[in-house]
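Report on one structure; see the data block that follows.
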Amino acid sequence: MNKTKFPASFLWGTATAAYQIEGAGSEDGRTPCIWDQFAAIPGKVYEAHNGDVACDHYHRYKDDIKLIAELGFKAYRFSIAWPRIFPEKGKLNPKGIEFYANLLKELKKYEIMPAVTIYHWDLPLWIHEEGGWTNRQTVEYFKEFASVLFEHFGEDVPMWITHNEPWCASFLSYGLGVHAPGHTDWNEATAAAHHILLSHGEAVRLYREMGYKHQIGITLNLTYQHPATGSEEDRMAAGRADGFTNRWFLDPVFKGQYPEDMMEVFEKQNVSFDFIHEGDLALISIPCDFLGINYYTRNIVRNNPDDLFLGGESVRGTGSHTDMDWEVYPEGLYILLTRLKAEYTDLPIYITENGAAYADNEVISGTVHDDERVEYFRLHLNAVGKFIENGGDAAGYFCWSFMDNYEWSFGYSKRFGIVYVNYETQERLPKLSAYWLQDVMAANTIE
Ligand code: BGC
């Protein structure tokens with residue numbers, strides 16, 4: 001069997017996000033975010049689950065970090081809840097700062113490197129009430145939020161991720177209506193995407209101006225859009241899907257422009273693009289220190305002229321599928337990484353999320369035997385290894401997720417954790433995949 005050896009500097013981490021794990025929804029001054037509101041709308045979220053309690057990480061962070069350390073992770077990616085820091089307009093909440101200062105202190109104790117996501121979708125309701133990401137003013141609020149974080153934690157955080165998955169926070173949220181705030185308007189969706197990207201640029205500029213020298217970048221979710229056949233029609237359809245999920249974000253960040261073919265697609269949806277101001281794209285493409293990518297699956301695309309938006313439809317793949325019904329397709333990760341290097345950037349790339357949901361509820365002899373998740377990690381880490389062997393700069397890998405948590409519109413019904421969470425008792429139990437990763441990280445090698 002082939003062995004993949006990772007470079008000594010390879011950063012092994014695990015990831016979470018505030019709304020998905022913290023709970024303490026109305027404690028210490030936190031006010032609601034768009035997900036609190038969205039979850040309460042009947043039919044939007046599985047059984048109207050919300051983040052009020054989640055994994056109760058807000059109270060259990062010390063034990064959680066201890067477990068992260070015991071499992072051998074060198075890095076921990078988490079996000080900061082905006083409504084804890086700014087529960088109201090212009091009102092900084094010292095209790096919010098205190099929580100993350102304590103969290104960072106705990107990580108330091110175990111020498112775990114923090115990788116901090118500034119925005120992972122918990123937009124404060126007070127900002128949403130002014131238009132949320134469709135409103136250019138939100139860029140200013142984000143800048144204020146980022147500046148407070150840099151000021152308090154700038155020295156202690158070596159890796160900042162401005163945004164997690166702008167595609168989800170804009171297109172899935174304001175265009176497809178699947179995520180909060182659940183709107184379905186392409187003018188709003190493209191404006192939201194633009195403002196999110198602009199706020200990324202503003203935050204990077206601010207970070208440099210404030211004189212910090214650590215790393216700052218952005219995390220994009222990329223999907224390999226695979227043509228259903230070799231026909232010209234299917235390839236074109238996959239190209240449009242690629243424009244929608246990948247190029248719409250990669251092109252402005254790395255090339256300072258939006259893809260023209262996609263602008264035409266959106267113009268047909270009556271998008272006027274008057275939210276793009278002079279100088280915006282220069283700021284959006286401000287140089288970063290790394291690119292983060294989240295990868296889960298591929299999408300197989302067939303041409304379909306009846307689809308008036310992208311002229312395509314998805315075809316179910318023949319590979320095995322996870323509990324999200326996402327196909328396991330590690331080759332897609334390799335293809336994307338290779339393409340990023342060829343077409344977009346030489347910057348170090350971190351896989352800031354990769355993982356799988358499985359319905360692994362059964363505890364046998366004190367652990368959860370999530371062999372399918374082990375296999376998922378093994379295949380995807382091999383894809384990363386292959387990219388490195390071929391000269392690619394993949395600098396680290398953060399498995400998603402450290403523990404089972406709130407899976408957005410699926411509530412607690414999907415389990416992505418390498419650590420099992422009993423939501424009745426809040427007990428944590430590392431699954432087999434956690435121990436498997438522990439071995440891999442210790443050896444820096446996979447068989
Ligand atoms: C998000 C996570 C989410 C995961 C699995 C990503 O889109 O960043 O918050 O839980 O994928 O769906």
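The values are calculated or read from the model by the stated rules, or taken from the named source; none is laboratory data. Quantities reported herein were computed from a predicted structural model and do not represent experimental measurements. So basically every Cβ, Gly included, is an ideal-geometry build from the backbone, and we count neighbours across all protein chains shown. For the accessible areas, the whole protein counts, side chains as well, though only heavy atoms, and no ligand, DNA or RNA atoms are used. Shrake-Rupley method; radii C 1.70, N 1.55, O 1.52, S 1.80 Å.
The number of residues in the stretch 321-348 that are farther than 30 Å from Gly391 by Cβ and in contact (Cβ under 8 Å) with a residue 40 or more places away in the chain comes to 3.
Quick one: in the stretch 288-342, which of the residues that are of a type in the set (Phe, Trp, Tyr) and within 21 Å of Phe171 (Cβ to Cβ) is nearest to the ligand (Cβ to nearest atom)? Per the criteria, the residue is Tyr296. Taking the stretch 413-438 as the range and being crowded, with 20+ Cβ neighbours inside 10 Å and either without any contact (Cβ under 8 Å) to a residue 40 or more places away in the chain or within 13 Å of the ligand (Cβ to nearest atom) (or both) as the test, the residues that pass are Lys414, Arg415, Phe416, Gly417.
Tell me the residue from Ile97, Ile34 that is touching a residue at least 40 places away in the same chain (Cβ under 8 Å), hydrophobic (A, V, I, L, M, F, W, C) and more than 21 Å from Ala169 (Cα to Cα), please. One residue alone meets the criteria, Ile97. Taking Asp325, is it assigned to a loop (DSSP other than H, G, I, E, B), loosely packed, with under 15 Cβ neighbours inside 10 Å and out of contact with any helix residue (DSSP H, G or I) (no Cβ under 9 Å at 6 or more places or on another chain)? In short, yes. Taking the stretch 362-447 as the region of interest, the strands (runs of 3 or more DSSP E) fully inside it that hold 2 or more residues being over 20 Å from Tyr296 (Cα atoms), at pLDDT 95 or above and of a type outside the set (Asp, Glu) are 419-422, 427-430. In the stretch 122-147, the residue that is farthest from Gly90 (Cα to Cα) out of those that are in contact (Cβ under 8 Å) with a residue 12 or more places away in the chain and among the acidic types (Asp, Glu) is Asp122.
Remark: pairs (first residue in the stretch 148-176, on the phi > 0 side of the Ramachandran plot; second residue within 16 Å of the ligand (Cβ to nearest atom) and open to solvent by less than 10 Å² (accessible area, probe 1.4 Å); Cβ separation under 8 Å; 6+ apart in sequence or on different chains) = Glu165/Thr219; Glu165/Leu220; Glu165/Asn294. Exactly one residue out of Tyr76, Tyr119, Tyr110, Tyr46 is at pLDDT 95 or above, within 16 Å of the ligand (Cβ to nearest atom) and surrounded by fewer than 17 Cβ atoms within 10 Å (Cβ to Cβ), and it is Tyr46. Out of the residues in the stretch 178-197 meeting the condition of being farther than 20 Å from Leu250 by Cα and within 16 Å of the ligand (Cβ to nearest atom), tell me which one is surrounded by the most Cβ atoms within 10 Å (Cβ to Cβ). The extreme case among them is Ala180.
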